[in-house]
Amino acid sequence: MERNAALDAFAALAHETRLSVFRLLVKAGPEGVPALEIARRLEAKPSTLSGHLSSLKGAGLLTATRHQREIRYAANLASVNDLVMFLLSDCCGGDLAACADVISLRCGDG
């Protein structure tokens, strides 16, 4: 991941609502959640949520799939993985094998 892409991702996540949306979608997994359901769960106005979803999608953190009149959003886990690896790329002087404990994240931890 390039530095500018990482900065865009961090900027997109640096807002309470967007971070809540992202965390909700990570929990939902690859199936994602329809936009109106995201709004309902977060008690957000759909018109306001639209801008937040657009910011996260623009930063590459979300994918959107249209199913007739419904748009379903999901966390782009490949992009998230790239972001984490960007953060850890200099770990232990770039020797990722030496940092195995740090980078061996498992679902459900922490």
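Volume of the convex hull of the chain (Cα atoms only), normalised per residue: 108 Å³.
Starting with the fewest neighbours, write out Met85, Met1 ranked by other beta-carbon atoms found within 10 Å of each beta-carbon.
In order of increasing Cβ crowding within 10 Å: Met85, Met1.
Of the GluC sites (Glu not before Pro) in segment 1-41, the ones in a loop by DSSP (not H, G, I, E or B) with at most 14 other beta carbons within 10 Å are Glu2, Glu31.
Adding -39500 (n - 2.57) for every DSSP H run of four residues or longer, then dividing by how many residues the chain holds, sets the calculated 222 nm ellipticity at -16500 deg cm²/dmol. Listed peptides 61-69, 17-25 appear in the order 17-25, 61-69 once ranked by packing, highest mean of other Cβ atoms within 10 Å at the front.
Taken together, the values in this text are just the output of simple stated rules run on the coordinates, not laboratory data. None of the values given here were measured: they were computed from a predicted structure. Cβ atoms come from the backbone with ideal geometry, glycine included; neighbour counts cover every protein chain shown.
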